[in-house]
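S.K.: Sharing a structure below in structure tokens format, with a few things to ask.
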Amino acid sequence: MASAPVLASARRILLLGLLAGYINALSFIDLGGMFAGAMTGNTIHMDATFAAGNWQHGLQVAELILVFFLTAIMAACLRLVTLPVYGFVIMAVLLIIAQGVHGAPHQVRYECLVLPALMAIQGQTLARFSGNAIQTVVITSNLLKCAAALAAWLMSYLPGNTVSRPSRSAVFLPGLSWVAFLMGAATASVALSLNSSLPFLWPLPLVAILCFDISRAERAQRLD
């Protein structure tokens, strides 16, 4: 898909950040400290668990990481042969499956298969916005990008400095991804505090809006 205007990219980053923050926060509670999308934290968790001698839980974390990685490979292949909107359709299906297994006798085992797959598909489906590589599933790199762009922007005003001034989107979009992620995690906290019986269905409207938005952009691109 062609480079989108900054406003469209901001809208998509906001929706994707809300979704990722929500699912990661919910998974942290449901899966006993494991994340659906943050493999850095999961890797540390796995190592610490193995070091403590809890091999059963360590292998469970390893399984989650493997599911994320294998799904990321399949999602990358899908992205090469089909339109991005199909990735979001699959994400909607996985949310419904996650809700279906929520509260089941082996809930953690099932969610360890579904939730990392969901986040891997999100990460591979859309990760470039207005010419900026921004990963909405995790935000550490986005904070670093925002800080680097902001530093370059400030340095560009110094007398005699040859640093080129970055675009506003290079500062704004990575920063927005963090804000959106934070808002998504806060929404998950609200869902849990309200004892919602359908927590995994709350993000479905976000995915529906993304499907509509991306489909409209794809149709416009085909007409050009």
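S.K.: Which of the numbered conditions does Leu206 fail, given that it passes all the others? Conditions: (1) surrounded by fewer than 18 Cβ atoms within 10 Å (Cβ to Cβ); (2) part of a helix (DSSP H, G or I); (3) of a type outside the set (Val, Ile, Thr).
M.R.: Single failed check for Leu206: (1).
S.K.: Read through the list (1) part of a helix (DSSP H, G or I); (2) surrounded by fewer than 17 Cβ atoms within 10 Å (Cβ to Cβ), then give the number of the only condition that Arg12 fails.
M.R.: The single condition Arg12 does not satisfy is (2).
S.K.: Working only within the range 171-214, note down all residues that are of a type in the set (Phe, Trp, Tyr) and closer than 18 Å to Gln135 by Cβ. So that I can check it myself, show each step before the final result.
M.R.: Of the range 171-214, the ones of a type in the set (Phe, Trp, Tyr) are 172, 178, 181, 200, 202, 212.
Passing the criteria: Phe172, Trp178, Phe181.
S.K.: Can you name the condition, by its number, that Asn161 falls short on among (1) loosely packed, with under 15 Cβ neighbours inside 10 Å; (2) within 30 Å of Thr82 (Cα to Cα)?
M.R.: Condition not satisfied by Asn161: (2).
All of the numbers you see were taken from the coordinates with simple rules; none came from a lab. In this text, all values refer to a predicted model and were calculated from it rather than measured experimentally. Don't worry about glycine lacking a Cβ; one is built from the backbone with ideal geometry, like all the others, and counts go over all protein chains shown.
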